[in-house]
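Comments concern the structure below.
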Amino acid sequence: MSVYMHVTLEVKGAGLQRFLAAMADAKPVLESAGWELVGAFVQGTGRLNTVIDLWRLRDMNHYQDAMATVREWSGFPAFKQALDECVLSETIVFAAKASYMD
């Protein structure tokens, strides 16, 4: 059964474009590890420069499996540096699909 991972990232205003570019670079690596990006959004109201990603994973262990793949990626040091410099906070929530969702 799939599990969904909802990630909310509060990004520094001046770092938003750098963050988006870093995620664009990392997305193929995460997808090669089997994660499926269901949605990626930048808030237009509320706390600005907040990014919300929704990923579908095969199960709870899939998170750690993919993180191991990302850490082995040659672009990981630059990706981690960009996140360290741009992201103020990150909240990760795992959820199951609701019964009324198609």
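The values are calculated or read from the model by the stated rules, or taken from the named source; none is laboratory data. The structure displayed is predicted, hence computed values, not measured ones. Quick reminder, even Gly has a Cβ in these numbers, built from the backbone with ideal geometry, and neighbours come from all protein chains shown.
In region 53-73, the residues that are under 13 Å from Leu37 (Cα atoms) reach residues that are of a type in the set (D, E, K, R) and assigned to a strand (DSSP E or B) with C-beta atoms within less than 9 angstrom, at least six apart or across chains, in these pairs: Trp55/Glu36; Arg56/Glu36; Leu57/Glu36.
This table checks each residue for (1) out of contact with any strand residue (DSSP E or B) (no Cβ under 6 Å at 6 or more places or on another chain); (2) of a type in the set (A, V, I, L, M).
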{"site": "Ile52", "(1), (2)": "no, yes"}
{"site": "Thr69", "(1), (2)": "yes, no"}
{"site": "Ala78", "(1), (2)": "yes, yes"}
{"site": "Ala95", "(1), (2)": "no, yes"}
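Counting only residues that are part of a helix (DSSP H, G or I), without any contact (Cβ under 8 Å) to a residue 40 or more places away in the chain and hydrophobic (A, V, I, L, M, F, W, C), region 20-48 holds 3 of them.
Candidates are the residues of region 74-91 that are under 16 Å from the mean Cα position of the chain (by Cα) and without any contact (Cβ under 8 Å) to a residue 24 or more places away in the chain; the one that is surrounded by the fewest Cβ atoms within 10 Å (Cβ to Cβ) is Asp84.
The rows are residues; the columns are (1) modelled with pLDDT of 95 or more; (2) part of a strand (DSSP E or B); (3) surrounded by 13 or more Cβ atoms within 10 Å (Cβ to Cβ).
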{"position": "Tyr4", "(1), (2), (3)": "yes, yes, yes"}
{"position": "Arg18", "(1), (2), (3)": "yes, no, yes"}
{"position": "Asp53", "(1), (2), (3)": "yes, yes, yes"}
{"position": "Thr69", "(1), (2), (3)": "no, no, yes"}
{"position": "Val93", "(1), (2), (3)": "yes, yes, no"}
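Yes or no, residue by residue, for (1) within 28 Å of Met1 (Cα to Cα); (2) over 11 Å from the mean Cα position of the chain (by Cα):
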position: Gly15; (1), (2): no, yes
position: Arg18; (1), (2): no, yes
position: Ala22; (1), (2): no, no
position: Leu30; (1), (2): yes, no
position: Thr45; (1), (2): no, yes
position: Ile52; (1), (2): yes, no
position: Asn61; (1), (2): yes, yes
